Amino acid sequence: MLTVSIVTYHNPIYEIDSLLDSILLTRIDRIFIIDNSKNDLLRILEKKSPKIQYIHSQNIGYGSAHNIAIREAISMGSIYHIIVNPDIQFEPDVIDKLCTYMDLNNDIGQIMPKIVYPNGELQYLCKMVPTPMDLIFKRFIPKCFTRKKIHKFQLRFTGYNKVMNIPYLSGCFMFFRVSALKDVGMFDERFFMYPEDIDITRRMHSKYKTIFYPEVSIIHVHAAESYKSKKMLWIHIINMIKYFNKWGWLHDSERRCINNKLLKELGYKK
């Protein structure tokens, strides 16, 4: 059993429909659409395939909505569950290759493929566990002053051309082993959106490998709404405060150990 969940919030129907076209060509058994919108206009997509289960929800947040589907996946006996953003597209063999790699490596709890923009440009979505300054540098300080810092934080020095065990993988496409999710826990529902991927990958990384697998790639449009909307920026800031309140601001010894080990494994040189 292989399941996938998509959380939507007033996404255009053509975007979800395009993603479903990709998913329905794969071996995935059940597709959960968790719709946080005020209306249920996307319910019509259930007619596209009996594999699709539409769930209309209040706007409870990204991680909380995916948890609805994860609970369903657990009750169904799913082996793997995939978290996928609406603005993703991929070829059918991507899922097969990821499943095969996971089947051969039982110590992996989570895996992410190479992710590119529609023009083929690489997205640098493998990262160290962030400090508050990492996020401030990336967000508010001009790139000309922070290039070296971001180069290290986003692990660009690796070339993104090899399998790597990474403590912070992007939430746009998260391929989980369900037994590992049952072990480390689902998304932390105190986060409305944004740092839930940092938090869950970090927890997963503490017990299992969390792998970047560049042998397959997917397309991510990457809307980056918090760069366009003051409301979304505020939501981002509030939830990052919650994240650092949970894990620690300046004093986070686990973060330091994880990052030092990661840089050593990857052969980073100053």
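Readers should treat all values here as calculations from the given coordinates under stated rules, not as data from a laboratory. Please read these numbers as outputs of a predicted model, since none were measured by experiment. Note that each Cβ is placed from the backbone with ideal geometry, even for glycine, and that neighbours are counted across all protein chains shown.
Going highest first, how would you order 157-164, 73-80 by mean Cβ packing within 10 Å?
Values: 157-164: 13.8, 73-80: 16.8.
Ranked from most to least packed, the peptides come out as 73-80, 157-164.
Could you work out the local net charge near GLN53, counting Lys and Arg as +1, Asp and Glu as -1, over the other residues with Cβ closer than 13 Å to its Cβ? Spell out each step's value before the answer.
Details: positive: ARG30, ARG43, LYS47, LYS48, LYS51, ARG71; negative: ASP29, ASP35, GLU46, GLU72.
Residues near GLN53 contribute +2 overall.
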How big is the range 75-191 by the Kirkwood estimate over distinct Cα pairs, in Å? 16.2
Among ILE115, ALA73, HIS251, which residue has its Cα positioned farthest towards the positive end of the charge dipole of the range 2-265, with +1 placed on the Cβ of Lys and Arg, -1 on the Cβ of Asp and Glu, and the dipole taken about the Cα centre? HIS251
Remind me, relative contact order of the range 141-270 in percent, using alpha carbon pairs under 8 angstrom and six or more residues apart? 30
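Rounding to the nearest 20 debye, state how big the charge dipole of the range 26-65 is about its Cα centre with +1 on each Lys and Arg Cβ and -1 on each Asp and Glu Cβ.
Working: 7 positive and 4 negative charges, 34 e Å.
Here the range 26-65 has a charge dipole of around 160 debye.
What net charge do the residues around LEU98 carry, taking every other residue with its C-beta under 14 Å from that of LEU98, with Lys and Arg at +1 and Asp and Glu at -1? Spell out each step's value before the answer.
Details: positive: ARG27, LYS97, LYS114, ARG177, LYS209; negative: GLU91, ASP93, ASP96, ASP103, GLU215.
My count for the surroundings of LEU98 gives 0.
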With charges set only on the Cβ (+1 for Lys and Arg, -1 for Asp and Glu), what does the dipole of the chain come to about its Cα centre, in debye to the nearest 20? 1380
Mean Cβ count within 10 Å, highest first, over the residues of peptides 21-34, 49-62: 21-34, 49-62
Sequence-distant or interchain residues sharing an amide H contact under 5 Å with TYR54, placed H: which? ILE33
Karplus-derived 3J(HN,Hα) from phi for the range 110-124 (6.51 cos²θ - 1.76 cosθ + 1.60, θ = phi - 60°), whole Hz, x at Gly and Pro, runs 7, 9, 9, x, 5, 10, 10, 6, x, 7, x, 5, 5, 9, 8
Inverse of <1/r> over all distinct C-alpha pairs of the range 2-265, i.e. the Kirkwood Rh in Å, gives 18.9
Which cross-chain or sequence-distant (5 or more) residues have an amide H under 5 Å from the amide H of ILE218, H modelled 1.01 Å from N in plane? LYS114, ILE115, VAL116
Taking the simple approach of a point 7 Å from Cα along Cα-to-Cβ for both LEU122 and LEU25, what is their distance in nm? 2.5
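Relative contact order for the chain: what is it in percent, counting Cα pairs under 8 Å that are at least 6 residues apart?
On the way: 447 pairs, mean separation 60.8, N = 270.
After rounding, I find 23 percent.
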Using only DSSP helix segments of four residues or longer, with each worth -39500 (n - 2.57), what per-residue ellipticity at 222 nm results for the chain after dividing by its residue count and rounding to 500? -12000 deg cm²/dmol
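If each residue of separation counts as 0.36 nm, what is the full-extension length gain between LYS149 and LYS246 once their alpha-carbon separation is subtracted? Intermediate values should be presented prior to the final figure.
Working: separation 97, 0.36 × 97 = 34.92 nm, distance 2.42 nm.
Difference between extended and current length: 32.5 nm.
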Quickly work out the TYR14-to-ILE74 label distance, labels modelled 7 Å from Cα along the C-beta direction, and quote it in nm with one decimal. 3.9
Given R₀ = 35 Å, FRET efficiency for TYR268-ASP103 by Cβ-Cβ distance, to 0.05? 0.65
